[in-house]
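Written below as structure tokens is the structure these notes are about.
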Amino acid sequence: MGLSAADIDALWLTLKLATTVTLLLLLLSTPLALWLSSGHSRSRSVVQAVVALPLVLPPSVLGFYMLIAMGPHGPLGWLTQQLNLPTLAFSFTGLVLASLLYSLPFVVQPLCNAFRALGQRPMEVAATLGAGPFDRFFSVILPLSKPGYLTAAVLGFAHTVGEFGVVLMIGGNIEGETRVASVQIYDHVEALDYASAHTLSLLLLGFSFVVLLFLYARPASGKHSTSRVAQHDGSDSSRSPNHESENAAHKDNWL
Amino acid sequence: MSLQLDLSIVRDGFELAVNTCLPGDGTTVIFGPSGSGKTSLLRCIAGLENASGSICFNDQPWQGPGQKPLAVHKRPIGYVFQEASLFEHLSVQGNLDFARKRAAVATTTPATAGNNSHHLGTANIIAMLGIEPLLQRAPQQLSGGERQRVAIARALLNQPQLLLLDEPLAALDDARKEEILPYLERLKRHQIPMLYVTHSKAELSRLADHLLCLDQGKVVLQGPMSAVCDAPEFPLNSGEDAGVVLDARIDNVDEHWQLASARIQTATSTDCIALRNMHYRPQQAVRLRIMASDVSLAADNPSQSSSVNNCLPCTIAMELADSHPATVLFELHSHAGTRLLARVTRKSAHQLALKPGSQVWAMIKSVAVL
């Protein structure tokens, strides 16, 4: 039960893809999640629904549309032609692009939840202490939503590793370029090489389990962040700015 | 020094319209019942909420027609929120450093650099709020009162020109309130201009130099405490806890009887009130609160026949409605010029034939030193 060179290539490619996609997603999702969590509006609902689409859509549907978009008559294809770039379909870049869409909800959602749980109060406090918008983000929001970022990174990474349908549609099956681990397993099974399929599958199974274990076990080690989030949420909703809490029956001690 | 406001908010079922000028020194208490808009007003002044209109602080426009409102972080304010609002990812020291590092940002505008006479050093602020032993702790390890003291210190370390406090004691129990009030009074002595939002008459009596009363988004009363205290809208002139607040100065201390004599410091009054001696120094300023329910009325001079020390000859100025039909409030003016409120039963008032113009003796059974 050893790993062939092709297997290692596939694993390495998967790692490269998932890392690239996770890092890009963390960057892109931060402003998006900040905006989504900052209030309620019709435009936010629409964007949120679009972001969540990959959760319910069959990956082949997403892959199909991406393939069309990257084709010579699609907008992305047109763009790459205008810029004299190689075509995106069946390339690693195309795969990254498709995976960004595919894993977007898995990164945006945890960040949204983290920002919502934080509430506006820490931002307001920081502003009254003289911190500008970027200062507020880096010195208050980022450290306070670290658990959210960790969840988002782990979920985004794991989900990208588990990608299959989109890869097959967009990337095809080019060794070293688009043949990721999940596709490699499919190849092994097609070739009736069950032993190799077992090895890779077991690796992915173990990886997924460890990731989930990490996610579910974390609240115990990170207790103080979760309890803080709960407290903040409670106090913010019960004392919204326009609602002054009344404490009518109070008696004061004098002297 | 002044804060010029002309603000209005219209939201579903809520309107706020305030057009006034608040003094830029001393403590201005913004008082009103729940939903009167006092917190919204404070948030608008800080820039945390939007309102149409203008705000001008010491000739610096913060907001006005045709002008982009000055961002919150550029206003030279400190803000103390109702509930503990410390950054939980930082220690107490970290929270204080956060404010200190950003202090310059908020105060470097040339127009304001000159008049920051009330700036305090870090050590002074930490000592004033008694938080020295807490510096290395995490906010989660602090009691509610300690958190609020740290929050006040943090706001001060930002070197604000105006300190805004939004019901800083409302989330605390009575014992914690008593723990913090002395620190707020120390702040007052350091002449940091404060806007203090509260619905507590106790905090109002203890802290206010100036009062702004809001009801349903409208200003119903405004002015220095001494000037507004006889208006019917004045919060201390009605309710179970009706009474008067008097600024006084210790005249002398009688060591034998352990009584201090406090001379009332209003424009008209020359009365002296005897207090239990609490290590007072001569000339020390004290603020007294005399509750209407602690003042009885007698037709004849009771000083020979009663145990009450503070008996003042008075004229009844006015009869005020009281919260219970069995009792009535009388506004009295002592012959030496002190204004008092007295609560007596309607029955006694009838038996003694008390009415405006009657000459009576006010027997003050207890005086609270605030």
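The values are calculated or read from the model by the stated rules, or taken from the named source; none is laboratory data. On a predicted model such as this, the values are computed, not experimentally measured, just so you know. With ideal geometry, Cβ positions are generated from the backbone for all residues, glycine too; neighbour counts draw on all protein chains shown.
For the range B:230-263, give me each residue that is within 20 Å of B:ALA202 (Cα to Cα) and assigned to a strand (DSSP E or B). Give the derivation first.
Restricting attention to the range B:230-263, the residues satisfying the condition of being within 20 Å of B:ALA202 (Cα to Cα) are B:230-248.
B:GLY243, B:VAL244, B:VAL245, B:LEU246, B:ASP247, B:ALA248 - these are the residues of the range B:230-263 that are within 20 Å of B:ALA202 (Cα to Cα) and assigned to a strand (DSSP E or B).
Within the range B:48-73, restricting attention to residues that are within 8 Å of chain A (Cβ to nearest Cβ) and within 23 Å of B:ALA103 (Cβ to Cβ), which residue is farthest from the chain's Cα centre (by Cα)?
Restricting to residues being within 8 Å of chain A (Cβ to nearest Cβ) and within 23 Å of B:ALA103 (Cβ to Cβ), the top hit is B:ALA71.
Take the residues in the range B:1-51 that are polar (S, T, N, Q), assigned to a loop (DSSP other than H, G, I, E, B) and in contact with a Cys (Cβ under 9 Å, 6 or more places away or on another chain); name whichever of them is nearest to B:GLY223 (Cα to Cα).
B:SER36
Tell me, which residue of the range B:166-183 that is of a type outside the set (Ser, Thr, Tyr), more than 12 Å from chain A (Cβ to nearest Cβ) and touching a residue at least 24 places away in the same chain (Cβ under 8 Å) is surrounded by the most Cβ atoms within 10 Å (Cβ to Cβ)?
The residue in question is B:PRO168.
Any chance the range B:337-346 includes a residue that's within 30 Å of B:ALA285 (Cβ to Cβ), among the polar types (S, T, N, Q) and modelled with pLDDT under 90?
Looking for residues that are within 30 Å of B:ALA285 (Cβ to Cβ), among the polar types (S, T, N, Q) and modelled with pLDDT under 90, one finds at least one in the range B:337-346, hence yes.
Output yes when any residue across the range B:130-140 is assigned to a helix (DSSP H, G or I), touching a helix residue (DSSP H, G or I) at 6+ places or on another chain (Cβ under 7 Å), surrounded by 19 or more Cβ atoms within 10 Å (Cβ to Cβ) and not β-branched (Val, Ile, Thr), and no when none is. Lay out the reasoning, then the answer.
Restricting attention to the range B:130-140, the residues satisfying the condition of being assigned to a helix (DSSP H, G or I) are B:132-134, B:139-140.
Remaining after also requiring touching a helix residue (DSSP H, G or I) at 6+ places or on another chain (Cβ under 7 Å): B:132, B:134, B:139-140.
Within this subset, residues satisfying the condition of being surrounded by 19 or more Cβ atoms within 10 Å (Cβ to Cβ) are B:134, B:139.
Narrowing the set further to residues that are not β-branched (Val, Ile, Thr) leaves B:134, B:139.
Looking for residues that are assigned to a helix (DSSP H, G or I), touching a helix residue (DSSP H, G or I) at 6+ places or on another chain (Cβ under 7 Å), surrounded by 19 or more Cβ atoms within 10 Å (Cβ to Cβ) and not β-branched (Val, Ile, Thr), one finds at least one in the range B:130-140, hence yes.
Write out, first by first residue and then by second, each pair whose Cβ atoms fall under 6 Å of each other, whose residues are 6+ apart or on separate chains, and whose first residue, in the range A:193-207, is surrounded by fewer than 17 Cβ atoms within 10 Å (Cβ to Cβ) while the second is assigned to a helix (DSSP H, G or I) and of a type in the set (Ser, Thr, Tyr).
Taking only residues 6 or more apart or on different chains, not a single pair turns up.
Tell me yes or no: at least one residue of the range B:320-341 is exposed (fewer than 13 other Cβ atoms within 10 Å of the Cβ) and among the aliphatic types (A, V, I, L, M).
yes
Of the residues B:ALA99, B:ALA138, B:ALA151, which single one is in contact with a His (Cβ under 9 Å, 6 or more places away or on another chain), within 11 Å of chain A (Cβ to nearest Cβ) and modelled with pLDDT of 90 or more?
None of the others qualify; the one that does is B:ALA138.
Can we say B:GLY94 is at pLDDT 90 or above and touching a Leu at 6+ places or on another chain (Cβ under 8 Å)?
No, not satisfied.
What tally of residues in the range B:354-370 results from selecting those that are within 22 Å of B:LEU246 (Cα to Cα) and of a type in the set (Ser, Thr, Tyr)?
Here the count works out to 1.
Quick one: in the range B:338-370, which of the residues that are over 19 Å from B:ASN301 (Cβ atoms) and touching a residue at least 60 places away in the same chain (Cβ under 8 Å) is nearest to the other protein chains (Cβ to nearest Cβ)?
B:ALA368
Cβ-Cβ below 6 Å, separation at least six or inter-chain, first residue in the range B:139-154 and over 13 Å from B:LEU96 (Cβ atoms), second of a type in the set (Asp, Glu) and in a helix (DSSP H, G or I): which pairs?
B:GLY145/B:GLU179
Against the definition (in contact with a helix residue (DSSP H, G or I) (Cβ under 8 Å, 6 or more places away or on another chain), assigned to a helix (DSSP H, G or I) and modelled with pLDDT of 90 or more), how does A:VAL46 come out, yes or no? If you could, list the steps in order and put the result at the bottom.
Values: in contact with a helix residue (DSSP H, G or I) (Cβ under 8 Å, 6 or more places away or on another chain): no; assigned to a helix (DSSP H, G or I): yes; modelled with pLDDT of 90 or more: yes.
When the stated conditions are applied, A:VAL46 does not pass them.
Being in a loop (DSSP other than H, G, I, E, B) and within 14 Å of chain B (Cβ to nearest Cβ) is the filter here; which residues of the range A:85-144 pass it?
Once the filter is applied, which keeps residues that are in a loop (DSSP other than H, G, I, E, B) and within 14 Å of chain B (Cβ to nearest Cβ), the range A:85-144 yields A:GLY119, A:GLN120, A:LEU129, A:GLY130, A:ALA131, A:GLY132.
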